[in-house]
There are 2 protein chains.
Amino acid sequence: MNQAQIPPPGTAAIVSVGDEVLSGRVVDTNAALVARELEAQGWRVVHRSTVGDDIEAIVAHLRVAASQARVVIVGGGLGPTADDVTREGIARFAGVELAEDPEALAVVERALVRSSRGLSAENRRQALLPRGARPIDNPIGTAPGIHWAGPASQILALPGVPRELKVMLEPSLKGIQTQGLGLTATVRDSVIVVGLPESEIGRRLADLMARGAEVSVGSYPTEGVVRIVAECRRTDESRARQLVMEVLGQVRERLGGAVVRRSAPDLATAVFRELLAHGATLAVAESITGGSICNALVGVPGISSVFEGGVVAYANAQKQSWLGVQEALLRSHGAVSAEVAAAMAEGVRRGASTTFGLSTTGVAGPTGGTPQKPVGLVYFALAGPRGTTVEQRVIPGDRELVRERAVAAALDLLRRELET
Amino acid sequence: MNQAQIPPPGTAAIVSVGDEVLSGRVVDTNAALVARELEAQGWRVVHRSTVGDDIEAIVAHLRVAASQARVVIVGGGLGPTADDVTREGIARFAGVELAEDPEALAVVERALVRSSRGLSAENRRQALLPRGARPIDNPIGTAPGIHWAGPASQILALPGVPRELKVMLEPSLKGIQTQGLGLTATVRDSVIVVGLPESEIGRRLADLMARGAEVSVGSYPTEGVVRIVAECRRTDESRARQLVMEVLGQVRERLGGAVVRRSAPDLATAVFRELLAHGATLAVAESITGGSICNALVGVPGISSVFEGGVVAYANAQKQSWLGVQEALLRSHGAVSAEVAAAMAEGVRRGASTTFGLSTTGVAGPTGGTPQKPVGLVYFALAGPRGTTVEQRVIPGDRELVRERAVAAALDLLRRELET
């Protein structure tokens, strides 16, 4: 038996609980989030596994995970319904009973008050903790987390609702005892690259991306852009930071204008920061992107200081009535044309009295393409103080992918204007 | 040792290989895809785990997986570079040597010809197979898959590139020996529930959700709604379908109008189908939801036949100019009010000449709340042939969550109108 042995310092394991995850009905984004946060805090993830809503199976997975790692993060199975059995699994693993915990009950009750509901028997189950365990506050949901500290390993159980897990994760990790665990600092930073294929990025950064280098460099395509992540793990944190900065400097040099100047979690935030720095405002007119640009922008906290709003002009009539696009223009060039894209950008800029107007119009597919105007053809226009710029692209991919890449390309048109 | 034992028939395990997956830099969408495909073909997934690019660790995970499942699907670690060691892991697990396989070499060479490249030493490694294993064709990449059949379990190793794994998966699964495995049909269907908390759903469906029932019932919160999934596994598929239908009938009975009438993958699609059935059209005016309703709608194929577009009126000026909301109304009641919500819905309906106009206005937070108008307060309005309806809610949660739930609540207002 491995259980008497204490796993190496700094080791962490992740166990995702839920039939819906095991069967693939839900993609397990939690595990990736937890892994990234663990690594950011200096832990080394040595084990990840997924288990169904089954007490015996949860106990078996906890045994394996706890034999390999000092801390085990469990996600899911803390809900109010009968199929949520993570509480029971931890109790049986720890060899203790479940008992109602007053502090856990307070967490549940606070959540119910927030949503103006009363305490049901189902919710009351959520206040049960394995004896000796401590509850973890849940600021946005009813499920308290569970912190159980064993002789060799600690278990942190968090709800599977991604948003709740997300807000509870960092404070929970900070709360566990890390003395003597030998955590090394991991410094990680990244840049966003727009408009270069990943293979071309790989070619230009081949030597930096080689394995075994002191700074590891990876490329991760996401939402129409590619994020280049540089990461260094050292006990000397400031040296690690310096090395990461040097490598990202080289990345910028080799990829040039395709690298977004401002560091930001996503392209929309980078554009927001540029607009703010320029004291500029924006309105958008979307056809093919159907509200996705607005959607990306309003996800950025503080955006209302620069973003006035937008028009989703899916039908031609709306391009005319809301954006003032001339019917003659629509008739002579068609809705998917450089001329209409320009008129939409100018129309929304005029209507909202903003510094910039940004527009998209294109053929989303799967039907509606012609030899002259194939599926994936998109026109982007930016109207601003220096006049109107129109770009044309053919974006490969399915309906959703075309839309996602079109959002990135539109925001990038504005980004490049603001960076010059 | 468990290894001499043969796992139960129809059991499957999934092992994902790769440092980038273990550390969370990449979200493991492959495992969910594989799980769904396995379940669709009648397998029962009993184990999922993730392991780094490490031969010993891969061997350890294969041992556990093969002790629990008749078939083990391994994803990743078949690339040409030195860190790709799945081949070595399987060979060591099987206790055999690696040797170049002519058929595997042909797969590699065909891929290189397709991309006009020559055979490098790195690519040649990809033609190495554990002795006794068979290669699996890869029609779009250089990495052949590996099929190894042991006495108790079979292993299928596929490349980690999602596109390649996707095209290779189904034919690989079809190619393995399934005689005597006792695969059973899984019938699964679901309904969408809006506006009831999960705990209340759990209370009303407690007996249906009890474990061990012939039809398993689970509830999965997603995007502001709750999906109730009923699932039955039997050799007699038509009987399974009947049982699932019966259970979902009971769910509808007990949850009443909170259950969306039309079966659909999501609420936006259900609303689209209702609009289509009514021959009705829609335009939306969004403030707090900032384009998210438009975004949800344009994700539905065919939506352009019922959806005319929308206005994202983030600023008051745009509520006036695009939607014709009177300045006096904004001044006397404020932008977040029943009166302005109604005026927005009526304004966008008039402007777009649609059957329905749907609007949202609210306090998204984290700042801007007052005792009278707290963060999370949202007004929804629906203007239609029978007049204008306004609903008011206080939605708990962070900025993103409020937005997500507001989208669901707005679409549900329209859904209920269309279902009456």
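Take residue B:200 and decide whether it is more than 19 Å from residue B:40 (Cβ to Cβ) and assigned by TED's automatic domain parsing to the domain that holds residue B:240. It would help to see each step written out before you state the result.
Details: more than 19 Å from residue B:40 (Cβ to Cβ): yes; assigned by TED's automatic domain parsing to the domain that holds residue B:240: yes.
In short, yes.
Regarding segment A:42-64, can at least one residue be identified that is modelled with pLDDT under 90, in contact with a Leu (Cβ under 7 Å, 6 or more places away or on another chain), away from chain B (no Cβ under 12 Å) and surrounded by fewer than 24 Cβ atoms within 10 Å (Cβ to Cβ)?
The answer is yes, given that some residue of segment A:42-64 is modelled with pLDDT under 90, in contact with a Leu (Cβ under 7 Å, 6 or more places away or on another chain), away from chain B (no Cβ under 12 Å) and surrounded by fewer than 24 Cβ atoms within 10 Å (Cβ to Cβ).
Listed here are the residues, each with its yes/no results for (1) at positive phi; (2) part of a helix (DSSP H, G or I); (3) more than 7 Å from every other protein chain (Cβ to nearest Cβ).
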{"residue": "B:289", "(1), (2), (3)": "no, no, yes"}
{"residue": "B:297", "(1), (2), (3)": "no, yes, yes"}
{"residue": "B:324", "(1), (2), (3)": "yes, no, yes"}
{"residue": "B:332", "(1), (2), (3)": "no, yes, yes"}
{"residue": "B:336", "(1), (2), (3)": "no, no, yes"}
{"residue": "B:339", "(1), (2), (3)": "no, yes, yes"}
{"residue": "B:343", "(1), (2), (3)": "no, yes, yes"}
{"residue": "B:347", "(1), (2), (3)": "no, yes, yes"}
{"residue": "B:351", "(1), (2), (3)": "no, yes, no"}
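Between a first residue in segment A:31-42 that is acidic (Asp, Glu) and a second residue that is modelled with pLDDT of 80 or more and outside any helix (DSSP H, G or I), which pairs have beta carbons less than 6 Å apart while being 6 or more apart in sequence or on different chains?
A:39/B:23
How about segment A:302-322: which of its residues are within 32 Å of the chain's Cα centre (by Cα) and more than 7 Å from chain B (Cβ to nearest Cβ)?
A:302, A:303, A:305, A:306, listed by residue number.
To keep it simple, each residue is scored yes or no on (1) modelled with pLDDT under 90; (2) β-branched (Val, Ile, Thr); (3) surrounded by 15 or more Cβ atoms within 10 Å (Cβ to Cβ).
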site	(1), (2), (3)
B:197	yes, no, yes
B:208	no, no, yes
B:211	yes, no, no
B:224	yes, no, yes
B:235	yes, yes, no
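Considering only segment B:75-95, state which residues are at pLDDT below 95 and either of a type in the set (Val, Ile, Thr) or over 24 Å from residue B:57 (Cβ atoms) (or both).
B:81, B:85
List every residue pair whose Cβ atoms lie under 6 Å apart, where the two residues are 6 or more positions apart in sequence or sit on different chains, the first residue falls within segment B:384-399 and is more than 8 Å from chain A (Cβ to nearest Cβ), and the second residue, located anywhere, is part of a loop (DSSP other than H, G, I, E, B).
Cβ pairs passing all conditions: B:395/B:376.
Being away from chain B (no Cβ under 14 Å), within 26 Å of residue B:29 (Cβ to Cβ) and either touching a Lys or Arg at 6+ places or on another chain (Cβ under 7 Å) or in a loop (DSSP other than H, G, I, E, B) (or both) is the filter here, so list the residues in segment A:204-254 that pass it.
Once the filter is applied, which keeps residues that are away from chain B (no Cβ under 14 Å), within 26 Å of residue B:29 (Cβ to Cβ) and either touching a Lys or Arg at 6+ places or on another chain (Cβ under 7 Å) or in a loop (DSSP other than H, G, I, E, B) (or both), segment A:204-254 yields A:205, A:224.
With respect to residue A:14, determine if the residue is more than 7 Å from chain B (Cβ to nearest Cβ) and surrounded by fewer than 22 Cβ atoms within 10 Å (Cβ to Cβ).
Spelling it out, it is not the case that residue A:14 is more than 7 Å from chain B (Cβ to nearest Cβ) and surrounded by fewer than 22 Cβ atoms within 10 Å (Cβ to Cβ).
Does residue B:377 fit the bill of being without any contact (Cβ under 8 Å) to a residue 60 or more places away in the chain and facing another protein chain (nearest Cβ under 10 Å)?
Values: without any contact (Cβ under 8 Å) to a residue 60 or more places away in the chain: yes; facing another protein chain (nearest Cβ under 10 Å): no.
In short, no.
For segment B:316-348, which positions are within 14 Å of residue B:286 (Cβ to Cβ) and among the basic types (Lys, Arg)?
Within segment B:316-348, just B:319 meets the criteria.
In segment B:65-82, how many are within 30 Å of residue B:111 (Cα to Cα) and within 11 Å of chain A (Cβ to nearest Cβ)?
The first filter runs over segment B:65-82 and keeps only residues within 30 Å of residue B:111 (Cα to Cα), leaving B:71-82.
Restricting the remaining residues to those that are within 11 Å of chain A (Cβ to nearest Cβ) gives B:81-82.
The qualifying residues number 2.
Restricting segment A:381-398 to residues that are modelled with pLDDT under 95 and assigned to a loop (DSSP other than H, G, I, E, B), which is surrounded by the most Cβ atoms within 10 Å (Cβ to Cβ)?
Going through segment A:381-398, the residues modelled with pLDDT under 95 turn out to be A:393-398.
Narrowing the set further to residues that are assigned to a loop (DSSP other than H, G, I, E, B) leaves A:395-398.
Details: A:395: 22, A:396: 11, A:397: 15, A:398: 13.
Top of the filtered list is A:395.
Collect the residues in segment B:302-329 that are surrounded by fewer than 24 Cβ atoms within 10 Å (Cβ to Cβ) and among the small types (Gly, Ala, Ser), keeping them in residue-number order.
B:302, B:304, B:305, B:315, B:317, B:321, B:324, B:328
Return yes when residue A:280 is closer than 20 Å to residue B:318 by Cα and either touching a Leu at 6+ places or on another chain (Cβ under 7 Å) or at pLDDT 90 or above (or both) and no when it is not. Walk me through it before giving the result.
On the way: closer than 20 Å to residue B:318 by Cα: yes; either touching a Leu at 6+ places or on another chain (Cβ under 7 Å) or at pLDDT 90 or above (or both): yes.
Yes: the conditions hold for residue A:280.
If a residue has to be part of a strand (DSSP E or B) and either of a type in the set (S, T, N, Q) or within 28 Å of residue A:11 (Cα to Cα) (or both) to count, how many in segment B:13-64 make the cut? Please lay out each step first, then the result.
Step one: filter segment B:13-64 for residues part of a strand (DSSP E or B), giving B:13-17, B:44-51.
From what is left, the residues that are either of a type in the set (S, T, N, Q) or within 28 Å of residue A:11 (Cα to Cα) (or both) are B:13-17, B:45-51.
Going through segment B:13-64 one residue at a time, the tally reaches 12.
Has segment A:255-273 got any residue that is in a helix (DSSP H, G or I), within 12 Å of chain B (Cβ to nearest Cβ), at negative phi and not basic (Lys, Arg)? First the steps, then the outcome.
As a first pass, look at segment A:255-273 and keep what is in a helix (DSSP H, G or I): A:255-258, A:267-273.
Adding the requirement that they be within 12 Å of chain B (Cβ to nearest Cβ) leaves A:268.
Subset that is at negative phi: A:268.
Those still in the list that are not basic (Lys, Arg) too: A:268.
Scanning segment A:255-273, I find at least one residue that is in a helix (DSSP H, G or I), within 12 Å of chain B (Cβ to nearest Cβ), at negative phi and not basic (Lys, Arg), so the answer is yes.
Would you check which residues across segment A:85-109 are more than 9 Å from chain B (Cβ to nearest Cβ) and in a loop (DSSP other than H, G, I, E, B) and list them?
Step one: list which residues in segment A:85-109 are more than 9 Å from chain B (Cβ to nearest Cβ), which gives A:86-109.
Listed by number, the residues that qualify are A:95, A:96, A:97, A:101.
Looking for whichever is farther than 28 Å from residue A:398 by Cα and surrounded by 15 or more Cβ atoms within 10 Å (Cβ to Cβ) here; the options are B:94, B:99, B:106. Which one fits?
Numbers: B:99 fails: surrounded by 15 or more Cβ atoms within 10 Å (Cβ to Cβ); B:106 fails: surrounded by 15 or more Cβ atoms within 10 Å (Cβ to Cβ).
Among B:94, B:99, B:106, only B:94 is farther than 28 Å from residue A:398 by Cα and surrounded by 15 or more Cβ atoms within 10 Å (Cβ to Cβ).
Residue by residue, here is whether (1) in the same structural domain as residue B:32 (by TED's automatic domain parsing); (2) touching a strand residue (DSSP E or B) at 6+ places or on another chain (Cβ under 7 Å); (3) closer than 23 Å to residue B:49 by Cα holds:
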residue	(1), (2), (3)
B:66	yes, yes, yes
B:82	yes, no, yes
B:86	yes, yes, yes
B:89	yes, no, yes
B:96	yes, yes, no
B:100	yes, yes, no
B:106	yes, no, no
B:125	yes, no, no
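Of the residues that make up segment B:130-147, is at least one modelled with pLDDT of 90 or more, more than 25 Å from residue B:31 (Cα to Cα) and acidic (Asp, Glu)?
No, the conditions are met nowhere in segment B:130-147.
I'd like the full set of residues that are more than 14 Å from chain B (Cβ to nearest Cβ) and not small (Gly, Ala, Ser), limited to segment A:400-420. Before you say what the answer is, go through the steps one by one.
Initial filter on segment A:400-420 (more than 14 Å from chain B (Cβ to nearest Cβ)): A:405, A:408-409, A:412-420.
Answer for segment A:400-420, where residues must be more than 14 Å from chain B (Cβ to nearest Cβ) and not small (Gly, Ala, Ser): A:405, A:412, A:413, A:414, A:415, A:416, A:417, A:418, A:419, A:420.
Residue B:343 is checked against (1) buried (at least 18 other Cβ atoms within 10 Å of the Cβ); (2) within 34 Å of the chain's Cα centre (by Cα) and fails just one. What number does that condition carry?
Failed condition: (2).
Scan segment B:281-290 and tell me whether some residue there is in contact with a strand residue (DSSP E or B) (Cβ under 9 Å, 6 or more places away or on another chain), surrounded by fewer than 24 Cβ atoms within 10 Å (Cβ to Cβ), of a type in the set (Ser, Thr, Tyr) and touching a residue at least 40 places away in the same chain (Cβ under 8 Å).
Here is the first cut: in segment B:281-290, the residues in contact with a strand residue (DSSP E or B) (Cβ under 9 Å, 6 or more places away or on another chain) are B:281-290.
Narrowing further to those that are surrounded by fewer than 24 Cβ atoms within 10 Å (Cβ to Cβ): B:281.
Still in the list and also of a type in the set (Ser, Thr, Tyr): B:281.
Right, trim to touching a residue at least 40 places away in the same chain (Cβ under 8 Å) and you get B:281.
Checking segment B:281-290: at least one residue is in contact with a strand residue (DSSP E or B) (Cβ under 9 Å, 6 or more places away or on another chain), surrounded by fewer than 24 Cβ atoms within 10 Å (Cβ to Cβ), of a type in the set (Ser, Thr, Tyr) and touching a residue at least 40 places away in the same chain (Cβ under 8 Å).
Being more than 26 Å from the chain's Cα centre (by Cα), at pLDDT below 85 and either more than 14 Å from chain B (Cβ to nearest Cβ) or surrounded by fewer than 16 Cβ atoms within 10 Å (Cβ to Cβ) (or both) is the requirement here; does residue A:369 meet it? If you could, list the steps in order and put the result at the bottom.
Working: more than 26 Å from the chain's Cα centre (by Cα): yes; at pLDDT below 85: yes; either more than 14 Å from chain B (Cβ to nearest Cβ) or surrounded by fewer than 16 Cβ atoms within 10 Å (Cβ to Cβ) (or both): yes.
Against the criterion (more than 26 Å from the chain's Cα centre (by Cα), at pLDDT below 85 and either more than 14 Å from chain B (Cβ to nearest Cβ) or surrounded by fewer than 16 Cβ atoms within 10 Å (Cβ to Cβ) (or both)), residue A:369 qualifies.
The values are calculated or read from the model by the stated rules, or taken from the named source; none is laboratory data. Predicted, not measured: the structure shown is a model, and the values here were computed from it. Cβ atoms come from the backbone with ideal geometry, glycine included; neighbour counts cover every protein chain shown.
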